[in-house]
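**Q** Below you will find the structure I want to go over with you.
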Amino acid sequence: MRSWPISTFKVSTRGATPLVSTVKSIAGAVRILGLDPGLRNTGWGVIEADGNRLRFVADGVVQPDPTLSLAERLQVLFLEVQGLVAAYAPHECAIEDTFVNKNPVSTLKLGHARAAAMLAPAVAGILVAEYKPNLVKKSVVGAGHADKIQVATMMRILLPGSASGSTDASDALAVAVCHAHHRISLLNMKRVK
């Protein structure tokens, strides 16, 4: 299998340094990478789930240079998410599903960004689960139409240490938390098929 190069683009990060070797030593813990895709800002968050216990690991935002072509921005997204997969060694990945905008061109571009972000963990053989935005919000706030400030506040409560300054990173952490709550059902459904 071909190994893709890791890019040299800067990714803003907060939180713990990647601890690839310690994941295996935490009995029962599952490391989850949450992604909130976007062509301008792709939020990411890494948590560890051990039963009902959640632990913040790190979060950040990938921000491709807006002057780059569409293909180059998608390449940046792919390479940066691939770098996150290599650095944080998640066991599973979760991504927010696309919602339909009034502008079909924007929806299509968001779909491209989702594909670039989903491909990196998939290439590494990691399960990529998809969740509708309303389910993510309902899972962390209790209301499917919560706003970004409510989601960010709940992430600070549920994940001490995650005082993310970016709503994109908070949304990505919410996707990871949603997956932590729903992953057993999802895995059982995949096993039945």
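**Q** Exactly one condition in (1) crowded, with 21+ Cβ neighbours inside 10 Å; (2) touching a strand residue (DSSP E or B) at 6+ places or on another chain (Cβ under 7 Å); (3) in contact (Cβ under 8 Å) with a residue 60 or more places away in the chain is not met by V57; state its number.
**A** The single condition V57 does not satisfy is (3).
**Q** Could we say that V177 is of a type in the set (V, I, T), part of a helix (DSSP H, G or I), in contact with a Lys or Arg (Cβ under 8 Å, 6 or more places away or on another chain) and crowded, with 17+ Cβ neighbours inside 10 Å here?
**A** no
**Q** Is region 149-158 home to any residue that is surrounded by 16 or more Cβ atoms within 10 Å (Cβ to Cβ), under 15 Å from the mean Cα position of the chain (by Cα) and under 15 Å from I32 (Cβ atoms)?
**A** Yes, region 149-158 has at least one match.
**Q** Can you confirm whether region 135-150 contains a residue that is basic (K, R), in contact with a Cys (Cβ under 9 Å, 6 or more places away or on another chain), modelled with pLDDT of 90 or more and over 17 Å from V62 (Cα atoms)?
**A** yes
**Q** Working carefully through the options G45, G38, find the one that is under 15 Å from D171 (Cβ atoms), at pLDDT below 95 and surrounded by 18 or more Cβ atoms within 10 Å (Cβ to Cβ).
**A** Every option except G38 fails the conditions.
**Q** Sticking with this one: For G38, indicate whether it is of a type outside the set (A, V, I, L, M, F, W, C) and either in contact with a strand residue (DSSP E or B) (Cβ under 6 Å, 6 or more places away or on another chain) or closer than 25 Å to L159 by Cβ (or both).
**A** For G38, the condition - of a type outside the set (A, V, I, L, M, F, W, C) and either in contact with a strand residue (DSSP E or B) (Cβ under 6 Å, 6 or more places away or on another chain) or closer than 25 Å to L159 by Cβ (or both) - is met.
**Q** Within region 78-92, does at least one residue satisfy the condition of being surrounded by 13 or more Cβ atoms within 10 Å (Cβ to Cβ), closer than 19 Å to A169 by Cβ, at pLDDT below 95 and in contact with a helix residue (DSSP H, G or I) (Cβ under 9 Å, 6 or more places away or on another chain)?
**A** No, region 78-92 has no match at all.
**Q** Looking only at region 60-87, which residues are in contact with a Phe, Trp or Tyr (Cβ under 9 Å, 6 or more places away or on another chain) and within 17 Å of V30 (Cβ to Cβ)?
**A** Scanning region 60-87 gives a single hit, L84.
**Q** Do we find that P5 is of a type outside the set (D, E), at pLDDT 95 or above and either surrounded by 12 or more Cβ atoms within 10 Å (Cβ to Cβ) or not in a helix (DSSP H, G or I) (or both) in this structure?
**A** It is false that P5 is of a type outside the set (D, E), at pLDDT 95 or above and either surrounded by 12 or more Cβ atoms within 10 Å (Cβ to Cβ) or not in a helix (DSSP H, G or I) (or both).
**Q** Being at pLDDT 95 or above and either of a type in the set (A, V, I, L, M) or buried (at least 18 other Cβ atoms within 10 Å of the Cβ) (or both) is the requirement here; does V105 meet it?
**A** Here the answer is no, as V105 does not meet what is asked.
**Q** Can you say whether Q75 is among the polar types (S, T, N, Q), buried (at least 20 other Cβ atoms within 10 Å of the Cβ) and part of a helix (DSSP H, G or I), as far as the supplied structure shows?
**A** no
**Q** Please specify each residue of region 49-71 satisfying the condition of being under 19 Å from G83 (Cβ atoms) and among the acidic types (D, E).
**A** Correct list: D59, D65.
**Q** While we're on this one: Looking at region 78-101, which of the residues that are assigned to a strand (DSSP E or B) and acidic (D, E) is nearest to I126 (Cα to Cα)?
**A** Looking at residues that are assigned to a strand (DSSP E or B) and acidic (D, E), I get E92.
The values are calculated or read from the model by the stated rules, or taken from the named source; none is laboratory data. Keep in mind the model is a prediction, meaning the values are calculated, not measured. For neighbour counting, all protein chains shown are included, and Cβ atoms are generated from backbone atoms with ideal geometry for every residue, glycine included.
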